[in-house]
Amino acid sequence: MAFVTQDQIQKFHEDGFLLLEHFFTAEECESMRRQMQHIVAGMEGPPHCRTEFSTRPEEQLQAQGSSDYFLTSGDKIRFFFEKGVLDERGNFLIPKEKSLSKIGHALHAYDPVFKQITHSSKVQELGRKLGLEKPVVVQSMYIFKQPRIGGEVTPHQDATFLHTEPLGRILGFWIALEDATLENGCLWFIPGSHTSGITRRMVRAASGASTCVEFVGSERVYEDSQFIPLPISKGGLILIHGEVVHKSEQNCSESSRHVFTFHVMEAKDTSWSKENWLQPTPELPFPSLYT
């Protein structure tokens, strides 16, 4: 693993993100991809559970908000699909392995391969370098970004969905399992945008509402010119501050862009919002990153 320098950590604090090339080996990436093929091969998923995943607010509320399947996925391994891959009866229009948007949100807890990566000694060492004292893992996802149909992810801050008091306690680890390029939908960031707080939150709706989640506040408007792209090769890791603004474009290329990502919270002197869609459960309290 590339040794992380103080200069790099300083740069992370300035920019709100940090790119570490070749953090994981090709072999580690392949082990995650093989394990995911195995998980997908065993996927049944009754039609009513087939939730399409979207990052557009109105579609988000409609698809995920009315769906307990999404809301109760924090301590399970569940399947979310791209738009337009299912017919009205919930049957696949394309091969199922090409239809998935992501799988979440507890791979880190229940799958041996992803658990081992999440708690790997180099991740723990990086946490210590960053000064994390009591980091806990709150969620994980495998993102497929399918060829030609991998949807765009609109500009957002992770703390909109994973809110803490105080802010600044959420950190994303984003691992490229294939090269992420301009063509297949690499991440784009606004450097330094992690210092102005957040203006929008996704919260659990009051009981009896037509959706399970709702947005409070509104997203700021960002200019395309503010973003810089961050292409990264297979095995690379991007650290993402919880308040940095980032996005990715639709994948219009012929190649997928598989990623494993997980979020960590510094639990020391931090409270996790009871209004977050994701909540620890008796079955799965947030596990410590350090083992």
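The values are calculated or read from the model by the stated rules, or taken from the named source; none is laboratory data. Values in this document were obtained by computation on a predicted structure and should not be read as measured data. We place every Cβ from the backbone using ideal geometry, glycine too, and count neighbours over all the protein chains shown. Keep in mind that these areas ignore ligands, DNA and RNA; they rest on the heavy atoms of the full protein, side chains included. Shrake-Rupley method; radii C 1.70, N 1.55, O 1.52, S 1.80 Å.
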Filter pass, Leu237 being in contact with a helix residue (DSSP H, G or I) (Cβ under 7 Å, 6 or more places away or on another chain), surrounded by 14 or more Cβ atoms within 10 Å (Cβ to Cβ) and touching a residue at least 60 places away in the same chain (Cβ under 8 Å): no
Inter-residue pairs, beta-carbon under 8 Å, first farther than 15 Å from Leu289 by Cβ and in contact (Cβ under 8 Å) with a residue 40 or more places away in the chain and in region 162-173, second open to solvent by 20 Å² or more (accessible area, probe 1.4 Å) and among the acidic types (Asp, Glu), 6+ apart: His163/Glu275
Looking only at region 92-119, and only at residues there that are among the polar types (S, T, N, Q) and in a helix (DSSP H, G or I), the one that is surrounded by the most Cβ atoms within 10 Å (Cβ to Cβ): Thr118
Looking only at region 240-269, and only at residues there that are among the β-branched types (Val, Ile, Thr) and in a strand (DSSP E or B), the one that is nearest to Gln116 (Cα to Cα): Thr261
Per-region count, region 1-46, residues within 26 Å of Leu86 (Cβ to Cβ), among the charged types (D, E, K, R), assigned to a loop (DSSP other than H, G, I, E, B) and in contact (Cβ under 8 Å) with a residue 40 or more places away in the chain: 0
Residue check for Phe227: open to solvent by less than 20 Å² (accessible area, probe 1.4 Å), farther than 21 Å from Pro166 by Cβ and in contact with a helix residue (DSSP H, G or I) (Cβ under 7 Å, 6 or more places away or on another chain): no
Odd one out for Trp188, checked against (1) under 15 Å from the mean Cα position of the chain (by Cα); (2) open to solvent by 20 Å² or more (accessible area, probe 1.4 Å); (3) within 22 Å of His105 (Cβ to Cβ): (3)
